[in-house]
Amino acid sequence: MKIKALLILFIPLILLWAKESKPVWPPPPETARVTYENTITKAKDLKIEKGFFAKVWKFITGGQPKRLIKPFGIHIDKQNRIYISDAALKALFVFDAKKGEQLYITGTKKAPFLSPMDIDTDTKGNIYVSDSTRRFIYVFDKNGKYKRKIGTAKTLKRPVGIAINNKSNRIYIVDTLANNIKIYSLNGKYVGTIGKVGKNNGHFNKPTYLALDKKGNIYVSDTMNHRIQVFDKRGKYLSKFGKIGNKIGTLANPRGIAIDKNGYIYVSDTTFHTIQIFDKSGRLMLIFGGYGERSGSFAIPEDLVISENNTLYIADSYNMRVQVFKLLNTNTTKAKK
């Protein structure tokens, strides 16, 4: 009788667990704005079983990398190929779920990656990767063949975040140790520099990542100044938002930054282990995350990116994964604390 009674109590709990929906933010009864979709730790999570470069890696080393260890930078191109740099593996994963293929790029023969950080692509599919230790931007074709490098070890001190303006054929490079943004043409010609060390408008203190909006305006995570700064495409200072603090709406260690189709700004914070969403004026609209291993929680989230189909990808670095979220009703997002 006791066993039967326990089953009667336990079965409803099982059914409730089975019907549990994916995490959403804000939680019901509010209208959902962000919903958890899935997690990427390896190619099989995207139903990719093989790829030419995976076979090459297996031939060279006797086995291919099975999963992400420390994802850092992330990028999605127009064909929805997913690019993930792994600081621990010193490599770049490229996943093409549509074709069921993957690439695994480790740098060049003479200069293998030491610390690959951020990634972007141009209209031809060329892949640009910043290596903060080697102090170059490496350029590969869409198949992973090395083409050239941008910058020199003398002009770049620690390149981290990068972003390409395909209309002007320029690449913006966050030089963290130099406390500025370097601008180059895509063929490697130096164009100019934005900012210098300091706390005033247009100055930086250990910036890390950046993103461009539809107009080509530049949004920079001015990390140790605990703020986001905005510049026009020529580098003219426009505005800023954010301040240091330990409560919702403040920034402790802002890193990854992305902008959706409606101009909302998404910022990861590696101290709070959260993603905060701001409007164009810097007003907090929504926050989600928190430290942990469950879906929707983070352990030092680094870079993030939003795809053309309104999907948010976040490099959840110390959880050894990339988490994927769907953005809903972003044109009516309201603050939820």
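The values are calculated or read from the model by the stated rules, or taken from the named source; none is laboratory data. Keep in mind that what you see is a predicted model, and the values were worked out from it rather than measured. Reconstructed Cβ throughout: ideal geometry from the backbone, glycine too, with neighbour counts over all protein chains shown. Side chains included, ligands, DNA and RNA excluded: accessible areas come from the protein's heavy atoms. Shrake-Rupley method; radii C 1.70, N 1.55, O 1.52, S 1.80 Å.
Overview of values
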item	result
Pairs where the first residue, in segment 181-200, is within 17 Å of ASN217 (Cα to Cα) and modelled with pLDDT of 95 or more and the second is acidic (Asp, Glu) and crowded, with 21+ Cβ neighbours inside 10 Å, C-beta under 6 Å, 6+ apart	LYS182/ASP175
Residue within segment 70-86 that is at pLDDT 95 or above, closer than 17 Å to PRO116 by Cβ, over 13 Å from the mean Cα position of the chain (by Cα) and not basic (Lys, Arg) present	no
Any hit, segment 196-205, residues being closer than 24 Å to PRO116 by Cα, touching a helix residue (DSSP H, G or I) at 6+ places or on another chain (Cβ under 7 Å) and open to solvent by 30 Å² or more (accessible area, probe 1.4 Å)	yes
Residue check, ILE228 under 24 Å from ASP316 (Cα atoms) and in contact with a Pro (Cβ under 8 Å, 6 or more places away or on another chain)	yes
Segment 197-208, residues that are more than 23 Å from ASP131 (Cβ to Cβ) and either in contact with a strand residue (DSSP E or B) (Cβ under 8 Å, 6 or more places away or on another chain) or assigned to a strand (DSSP E or B) (or both)	GLY198, ASN201, GLY202, HIS203
Which numbered condition MET320 misses (of (1) surrounded by 22 or more Cβ atoms within 10 Å (Cβ to Cβ); (2) within 19 Å of the chain's Cα centre (by Cα))	(1)
Test for TYR313: is it under 13 Å from the mean Cα position of the chain (by Cα) and open to solvent by 10 Å² or more (accessible area, probe 1.4 Å)	yes
Meets criteria (on the phi < 0 side of the Ramachandran plot and not in a loop (DSSP other than H, G, I, E, B)) for GLU302	yes
Strands (runs of 3 or more DSSP E) enclosed by segment 209-298 - at least 1 residues per element that are in contact (Cβ under 8 Å) with a residue 12 or more places away in the chain, buried (at least 17 other Cβ atoms within 10 Å of the Cβ) and polar (S, T, N, Q)	218-222, 227-231, 265-269, 274-278
